[in-house]
Amino acid sequence: MKLFRTLLLMLTSIATALYANPTPDAKVIIDRMIVAYGGDHNIQKLNAYEQFWNIETKTTDTNGTDTRMVMMPNSLSTELVYPNKTETRMLHNNYGTKTFDNQTIQAKGPMLDAMKLQLMRLYTPLVLQKKLSHITASEDATHYILTLPQGTITTIYFVSKENYLVEKVIGKLQMGNQAMEFVTLYKDYRPLQGVMVAYKEVKYAGSINTAIMHLKKMHFLAAPKIRH
């Protein structure tokens with residue numbers, strides 16, 4: 001009997017150690033993100049904004065600019081300007097268009113999915129809070145990982161355990177029988193009118209580093225509040 005009690009105590013101690021620091025659930029992580037990004041009131045500013053980026057292209061020697069307008073959680077427009085071409089992409093309520101070479105086409109299939117992923121990667125903690133029932137949480141050594149599927153696409157947010165800011169986002173989509181990943185790294189966070197903003201984005205398509213983006217200007221716009 002004494003041996004049994006000793007064994008039971010050992011097993012209880014091991015179990016306690018294993019579960020002493022369980023992964024917080026998604027709600028706990030997102031609540032801490034809201035605080036880290038500046039609080040509910042300041043994050044509301046990210047409901048609508050315009051940004052102006054310089055694009056340092058890594059696959060060619062031609063650089064450009066990106067003008068981005070965001071209306072959370074349903075609309076994104078980007079205008080990419082290079083010396084030899086201009087391209088405009090617009091997404092609103094899951095309807096997308098792409099304009100280039102003086103023609104406009106409707107985005108469908110993987111092209112539309114890629115545009116949706118571009119918007120999802122910009123979701124604020126308040127948007128994620130509204131989608132909490134669809135989010136699962138896990139972790140690695142340095143990040144809490146929030147996974148949000150939406151139809152045929154999935155976005156994965158890597159949240160720093162140190163400061164609760166998003167350091168990486170992976171967007172996944174299917175192209176026929178192949179899966180494609182788009183990765184963005186977020187760096188050089190700075191406070192802007194009370195909310196934390198990443199001033200540098202490093203972009204990958206698969207394993208290829210396609211561009212480094214540098215934020216030059218950002219304006220907050222008027223938009224309805226996202227209530228929760």
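The values are calculated or read from the model by the stated rules, or taken from the named source; none is laboratory data. Values in this document were obtained by computation on a predicted structure and should not be read as measured data. Please note: Cβ atoms are built from the backbone with ideal geometry, for glycine as well, and neighbour counts cover all protein chains shown. Just the protein is used for accessible areas: all its heavy atoms, side chains included, with ligands, DNA and RNA removed. Shrake-Rupley method; radii C 1.70, N 1.55, O 1.52, S 1.80 Å.
Miscellaneous remarks
- Residues in the stretch 104-228 average 51 Å² of solvent-accessible surface per residue, probe 1.4 Å, ligands and nucleic acids excluded.
- Relative contact order of the chain: 21 percent, from C-alpha pairs under 8 Å at least 6 residues apart in sequence.
- Rounded percent of accessible protein surface that carbon and sulfur make up, the stretch 140-185, 1.4 Å probe: 54 percent
- Less than 5 angstrom separates the built amide H of Lys58 from those of Ala211, Ile212, all sequence-distant by 5 or more or on a different chain.
- Projecting the alpha carbon convex hull of the chain along each direction and taking the average yields 16.4 nm².
- Charge dipole of the chain (Cα centre as origin; +1 on each Lys and Arg Cβ, -1 on each Asp and Glu Cβ, all else neutral): 480 debye, rounded to the nearest 20.
- Each Lys and Arg Cβ is given +1 and each Asp and Glu Cβ -1; about its Cα centre, the stretch 159-228 then shows a dipole of about 260 debye.
- Principal-axis tilt of helix 2-18 within the chain, Cα atoms, nearest 10 degrees: 20 degrees
- Protection proxy ranking, peptides 56-63, 67-74, 90-97, average beta carbon neighbours within 10 Å, highest first: 67-74, 90-97, 56-63
- With Cα atoms, 0 to 90° folded angle of helix 26-36 axis to the chain main axis: 60 degrees
- Annotation for the stretch 58-85 versus the stretch 111-187: alpha-carbon center distance of 20 Å.
- Projecting the Cα positions of Gly38, Thr154, Val70 onto the charge dipole of the chain (unit charges on Cβ atoms of Lys, Arg, Asp and Glu, taken about the Cα centre) puts Gly38 furthest along the positive direction.
- Accessible area per residue for the stretch 53-100, computed on protein heavy atoms with a 1.4 Å probe, is 55 Å².
- Cα-based equivalent ellipsoid of the stretch 104-228: semi-axis lengths in Å, sorted from largest, via gyration tensor: 23, 18, 18
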